[in-house]
1. Got at least one residue in segment 171-193 being without any contact (Cβ under 8 Å) to a residue 60 or more places away in the chain and among the hydroxyl-bearing types (Ser, Thr, Tyr)?
2. Do we have any residue at all in segment 137-158 that's among the aliphatic types (A, V, I, L, M), under 23 Å from TYR198 (Cβ atoms), within 21 Å of the chain's Cα centre (by Cα) and surrounded by 20 or more Cβ atoms within 10 Å (Cβ to Cβ)?
3. Of the residues LEU68, LEU11, only one is at pLDDT 95 or above and either in contact with a helix residue (DSSP H, G or I) (Cβ under 8 Å, 6 or more places away or on another chain) or assigned to a loop (DSSP other than H, G, I, E, B) (or both); which?
4. Please verify whether segment 103-120 includes one or more residues that are among the basic types (Lys, Arg), touching a residue at least 60 places away in the same chain (Cβ under 8 Å) and within 13 Å of ALA164 (Cβ to Cβ).
5. Among all residue pairs at least 6 apart or on different chains, which show Cβ distances below 8 Å where the first residue, located in segment 231-251, is closer than 18 Å to THR204 by Cα and the second is surrounded by fewer than 13 Cβ atoms within 10 Å (Cβ to Cβ) and among the β-branched types (Val, Ile, Thr)?
6. Across segment 187-227, which residue is surrounded by the fewest Cβ atoms within 10 Å (Cβ to Cβ) among those that are of a type in the set (S, T, N, Q) and either touching a helix residue (DSSP H, G or I) at 6+ places or on another chain (Cβ under 9 Å) or modelled with pLDDT under 95 (or both)?
7. List, please: which pairs have Cβ atoms under 8 Å, are six or more places apart or on different chains, and start with a residue in segment 203-217 that is more than 10 Å from LEU234 (Cα to Cα) and touching a residue at least 60 places away in the same chain (Cβ under 8 Å) and end with one that is crowded, with 22+ Cβ neighbours inside 10 Å and among the basic types (Lys, Arg)?
8. Would you be able to say whether some residue in segment 114-126 is surrounded by 21 or more Cβ atoms within 10 Å (Cβ to Cβ) and small (Gly, Ala, Ser)?
Amino acid sequence: MSMLKMASTKLNFFYGGFQALSDISLEFERNRVTALIGPSGCGKSTFLRCLNRMNDLIPGTRVEGTILLDGEDIYASEMDVVTLRRRVGMVFQKPNPFPKTVFENVAYGLRVNAVRDETFIAERVEKSLRRAALWEEVKERLHQSALGLSGGQQQRLCIARALAVEPEVLLMDEPASALDPIATQKIEELIQELKKNYTIIIVTHNMQQAARVSDVTAFFYMGALIEVNTTETLFTRPKYRQTEDYVTGRFG
């Protein structure tokens, strides 16, 4: 099996007349964490949302180029977007649990996908909460509101919710930016654990976080991909002056 899980080729993205991404070609290997870094407004979150077609929800947008998932073009007319979003899960910047119980938050995707077997659902909920390193903290609170959890617990719950439908790729848009340092550390440790089973692509503003959690780092600037390399190389021996200025904190 090829190491390649996803790839974009010459991806261009437009909000109306504004071109937000220019010719982005980037490959993602299985069981690797890729960090997307760059200043605000550089296109990294827009690119992330292209990978599971979340931008389809915004009127007046268009995409040129291709994104392949296991060799299939995700923008092909026969691609079922619901299936795509099950295969490519997403965790957002702010925890967004539903106003339901902890259990029903995690079970949500299964129920939407017409799973009816309650035993299966209960097993999958437990497995997902364990994978998200949350089970021990919530096992006595499964039938209480998820809104009673702390911010860090809510974010791990959202990760468990994404994992419950068994995605292949996990997209994370600044998953720790709203969290305190202890909760952030838990999310970072979790990412290291999850990459054994998933391909993870994370947008982060936090350079230290990118250095800690990722195998590969891609630097975006003004809608272009400037440089991509192993994280260690990109942070210690960047090829381009722009990358060096950004990772050393001269701008951003």
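1. Among the residues of segment 171-193, at least one is without any contact (Cβ under 8 Å) to a residue 60 or more places away in the chain and among the hydroxyl-bearing types (Ser, Thr, Tyr), which makes the answer yes.
2. Scanning segment 137-158 turns up at least one residue that is among the aliphatic types (A, V, I, L, M), under 23 Å from TYR198 (Cβ atoms), within 21 Å of the chain's Cα centre (by Cα) and surrounded by 20 or more Cβ atoms within 10 Å (Cβ to Cβ).
3. After applying the criteria, what remains is LEU11.
4. No, every residue in segment 103-120 fails to be among the basic types (Lys, Arg), touching a residue at least 60 places away in the same chain (Cβ under 8 Å) and within 13 Å of ALA164 (Cβ to Cβ).
5. none
6. GLN208
7. Once the first residue is more than 10 Å from LEU234 (Cα to Cα) and touching a residue at least 60 places away in the same chain (Cβ under 8 Å) and sits in segment 203-217, its partners that are crowded, with 22+ Cβ neighbours inside 10 Å and among the basic types (Lys, Arg) give VAL203/LYS44.
8. No, every residue in segment 114-126 fails to be surrounded by 21 or more Cβ atoms within 10 Å (Cβ to Cβ) and small (Gly, Ala, Ser).
The values are calculated or read from the model by the stated rules, or taken from the named source; none is laboratory data. Fair warning: this is a prediction, and the values are worked out from it, not measured in the lab. All Cβ positions, glycine included, derive from the backbone under ideal geometry; neighbour counts span all protein chains shown.
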